[in-house]
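Novice: So that we are looking at the same thing, I have put the structure below in structure tokens.
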Amino acid sequence: MASQKNQNFVYGADQIQVLEGLEAVRRRPGMYIGGTDAKALHHMVYEVVDNAIDEAMQGRCDTIRITIHKDNSVSVEDNGAGIPVDIQKQTGLPAVTVVMTKLHAGGKFGGGGYKVSGGLHGVGVSAVNALSEWMETKVKRDGKIYRQRFERGVPVSEVEVIGQCDKDDTGTIQTFLRDDTIFQVLDYDYQTLTTRFREMAFLTRGVDIVLVDERPELYREIRFYFEGGVKTFVRYLNKNRTTVNEPIYVDQEVETTMVEAAIQYTDGFSDSLHAFANTINTPDGGTHLTGLRAAITRQVNDYARKQGFLKDNDANFTGEDTRQGLTAIVSVKVVEPQFEGQNKLKLLNNEVRYHVESAVAEAMSRWMEENPRDAKQIIEKCRTAYRAREAARKARDLVIRKSALESLTLPGKLADCSSRNPEECELYIVEGDSAGGTAKQGRDRRFQAILPLRGKILNIEKTSLDKALANREVQALITALGTNIGENFSLDGLRYHRIILMTDADVDGAHIRTLLLTLFFRYMEPLVDSGHLFIAQPPLYRVTVTRTENGRNRRSSEYVYNDKALEDLRSEFGGDNVRIDQRYKGLGEMNDEQLWDTTMNPENRTVLQVSIDDAAEADRTFDMLMGSSVPPRRRFIQTHADQANLDI
């Protein structure tokens with residue numbers, strides 16, 4: 001049947017809107033900074049700091065100071081050249097006003113101000129201005145200090161001289177307060193900023209980056225300064241690991257591309273490769289990462305053949321073999337970088353692949369000739385990885401063949417859902433048979449599947465993939481998900497678009513959850529990157545709260561999810577009016593109705609989506625928590641002892 005058109009709707013010139021100035025940014029912030037959540041809030045700071053880093057890459061700046069003030073406003077101060085304040089001919093406005101209020105305006109479009117920069121579109125700082133309740137720009141140039149103030153992107157003052165300074169004293173100070181009508185999250189996380197600025201300092205040698213936090217009672221300040229570049233970065237990532245070699249360091253200009261890379265092998269089983277372009281983290285990789293991988297694989301095979309470690313009838317090592325236990329970073333500086341999308345997640349310049357491959361292969365060849373003992377250890381590690389890969393392939397094939405003969409490819413312990421639409425299906429991975437039984441009774445069978453795991457799965461951080469695949473619980477998980485694992489992982493077969501880890505709210509539950517997260521991060525990372533992994537939030541207490549209304553006491557039963565929420569209730573209603581009826585040490589202590597109401601009902605539950613904001617820092621954290629080295633873990637426990645969840 002033909003659909004009926006709406007004849008009453010008039011679509012004409014009056015329906016066409018033109019958003020003037022920065023209004024487009026305020027109406028669609030997601031297009032410019034990725035959204036209005038915590039990640040977008042911190043991106044505001046990064047946009048301003050990136051401008052200072054661009055100054056540093058031109059050799060005009062060696063100090064950047066970021067301050068979070070008590071009112072949550074942020075200042076970024078650099079000693080670069082300072083934004084120009086003279087009249088820009090095209091607009092008839094001071095250049096600083098143009099930079100702060102016009103989209104696609106700046107000095108990075110080939111005008112000679114910047115040879116290399118992270119900013120491409122001239123959008124960053126003007127977008128920050130648009131999304132701030134107020135912003136103040138101060139510029140030191142030509143012996144004078146200039147200032148202009150903006151409110152929600154609109155100038156509320158002229159460019160005015162407010163003081164004098166030495167002629168050699170130049171720079172820019174940007175101070176802004178995010179607009180609380182735009183952002184869902186209003187407070188900056190000190191640790192998130194610390195991680196980002198440490199990374200920036202590694203990638204920009206010789207630049208002093210200082211982060212100050214004036215908000216807490218105890219003033220916090222941290223300084224980052226590294227002369228070693230990415231070589232120091234690799235050492236930082238591997239400081240808790242046993243390494244095979246000193247970092248192989250590359251620092252070379254190939255045509256117009258500056259290539260810096262560091263390569264170091266460890267005795268671990270996972271690889272950790274990170275790529276940056278013009279100091280911008282490119283988590284989806286790109287041509288620079290492709291060039292790095294190709295160079296390493298080619299050079300290891302060439303050396304192994306030349307030295308007789310690989311015979312004529314031996315197959316070459318694969319990329320997977322040459323990357324086992326590898327930590328490597330590649331950072332390129334490109335004159336005209338081409339990124340995929342506004343968020344710059346992937347570098348696309350084809351020529352960069354060959355520039356990186358050439359520089360890295362040359363440096364590795366020279367290093368292996370000069371360090372034959374270490375080179376031999378690397379070859380032996382690749383040989384071991386080859387044998388483990390073959391064993392893992394056979395184990396994987398066995399899992400798939402075995403699955404095909406059992407329950408139509410599904411493990412027997414899985415209580416599957418009736419829906420076959422992955423987009424509406426969710427899998428609860430539950431700790432233990434007792435909790436699994438309760439979850440099976442309490443779930444909505446139409447779209448919720450339950451997979452109980454017995455005991456703790458293997459610590460993936462300390463074992464190879466072939467041994468992990470021999471573990472019954474890991475086999476059941478892989479089969480239930482339908483994705484395979486490791487190099488053969490594919491989202492195409494994913495049977496559930498929400499995978500929810502549901503463990504007890506105690507120490508053992510936290511440990512099991514961390515073991516599972518390690519497995520997903522190391523061998524199923526696309527699952528996390530695509531937003532499919534979640535953590536359930538079961539309640540810790542059931543309490544009775546007594547409220548007095550109109551002279552009468554009214555009691556209600558409520559669930560409380562953590563100790564802080566319990567203390568808040570006691571503060572609000574008084575300790576005598578909040579009675580703990582039950583403390584849930586395990587999911588099995590709830591009946592099926594309680595588990596559904598609190599943890600599984602989509603209308604009531606709270607689940608945390610797992611994401612990886614910084615892969616390098618996540619890699620270091622998993623190694624620290626789950627790796628072989630004990631002292632770093634002990635230090636972590638001692639530092640965070642006051643946050644521990646202890647069952648006494």
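Novice: Over 38 Å apart: what share of the alpha carbon pairs of the chain falls there, rounded to a whole percent? Write out the running numbers ahead of the final one.
Specialist: Values: 97224 of 209628 pairs.
Here the long-distance tail beyond 38 Å is 46 percent of all Cα pairs in the chain.
Novice: Going 7 Å from the Cα of Glu221 along its beta-carbon direction, which residues of segment 50-79 have the amide nitrogen within less than 13 Å of the resulting point?
Specialist: Output list for this probe position: 65-68.
Novice: Can you give the Rg to Rh ratio of segment 451-525, both from alpha-carbon atoms, with Rh computed by the Kirkwood formula?
Specialist: Across segment 451-525, the Cα-based Rg/Rh ratio is 0.94.
Novice: Based on alpha-carbon centroids, what's the gap between segment 21-100 and segment 256-323 in Å, whole number please?
Specialist: 36
Novice: If you don't mind, another one. Quick check for me: using +1 on Lys/Arg Cβ and -1 on Asp/Glu Cβ, what's the dipole size of segment 230-387 about its Cα centre, in debye to the nearest 20?
Specialist: 500
Novice: Here's a follow-up. Could you compute the net charge surrounding Phe447? Neighbours are other residues with a C-beta less than 11 Å from the C-beta of Phe447; K and R count +1, D and E count -1.
Specialist: In short, 0.
Novice: May I pose another question? Largest first and to the nearest Å, give the Cα extent of segment 230-387 along each principal axis.
Specialist: Here the spans come out as 46, 34, 26 Å, largest first.
Novice: Lys346: which lysines have alpha carbons under 29 Å from its alpha carbon, excluding same-chain residues fewer than 8 sequence positions away?
Specialist: Straight-line reach from Lys346, under 29 Å: Lys39, Lys102, Lys108, Lys115, Lys231, Lys239, Lys333.
Novice: Stretch Asp563-His497 to full length: gain in nm at 0.36 nm per residue minus the Cα-Cα span?
Specialist: In short, 20.6 nm is gained.
Novice: A follow-up question, please. Defining a contact as two alpha carbons under 8 Å apart and six or more residues distant in sequence, what relative contact order in percent does segment 23-224 show?
Specialist: Here the relative contact order equals 25 percent.
Novice: Rounded to whole Hz and in sequence order, give me ³J(HN,Hα) for segment 62-76 from the Karplus expression 6.51 cos²θ - 1.76 cosθ + 1.60, θ = phi - 60°, writing x for Gly and Pro.
Specialist: Result, ordered by residue: 10, 9, 10, 10, 10, 10, 9, 7, 4, 8, 6, 6, 10, 10, 10 Hz.
Novice: When the Kirkwood hydrodynamic radius is evaluated over all pairs of different C-alpha atoms of segment 203-314, what value in angstrom, to one decimal, is obtained?
Specialist: Result for segment 203-314 stands at 17.0 Å.
Novice: How charged is the neighbourhood of Arg215? Take every other residue with its Cβ under 15 Å from the Cβ of Arg215, and add Lys/Arg as +1 and Asp/Glu as -1. Don't skip to the answer; put the middle values down first.
Specialist: Numbers: positive: Lys70, Arg178, Arg220; negative: Asp71, Asp187, Asp189, Asp213, Glu214, Glu217, Glu221.
That sum, taken over residues with Cβ under 15 Å, equals -4.
Novice: Sorted by packing (mean other beta-carbon atoms within 10 Å per residue), highest first, where do 285-291, 38-44 land?
Specialist: In descending order of packing, they fall as 285-291, 38-44.
Novice: Another question about this same structure. Among 362-373, 264-275, how do they line up from the highest to the lowest mean number of other beta-carbon atoms within 10 Å?
Specialist: 264-275, 362-373
Novice: Please report the orientation-averaged projected area of segment 23-224, defined via the convex hull of its C-alpha atoms, in nm².
Specialist: Values: hull surface 44.2 nm².
Result: 11.1 nm².
Novice: Moving to a separate point now. How much length would be gained if the chain were fully extended between Thr621 and Arg605, taking 0.36 nm per residue of separation minus their Cα-Cα distance, in nm to one decimal?
Specialist: Extra length available between Thr621 and Arg605 comes to 2.9 nm.
Novice: Okay, moving on. So what is the relative contact order for the chain, in percent, with contacts set as C-alpha pairs under 8 Å and at least six apart?
Specialist: Dividing the mean separation by the residue count of the chain yields 9 percent.
Novice: Loop-only chymotrypsin sites (Phe, Trp or Tyr not before Pro) in segment 148-236, please: DSSP not H, G, I, E or B, and at most 11 other Cβ atoms within 10 Å.
Specialist: Tyr219
We did not get these values from a lab; they are worked out from the coordinates using the rules stated. Nothing here was measured: the structure is a model prediction, and the numbers come from that model. Heads up, the Cβs are rebuilt from the backbone with ideal geometry, glycines too, and the neighbour counts pull from every protein chain shown.
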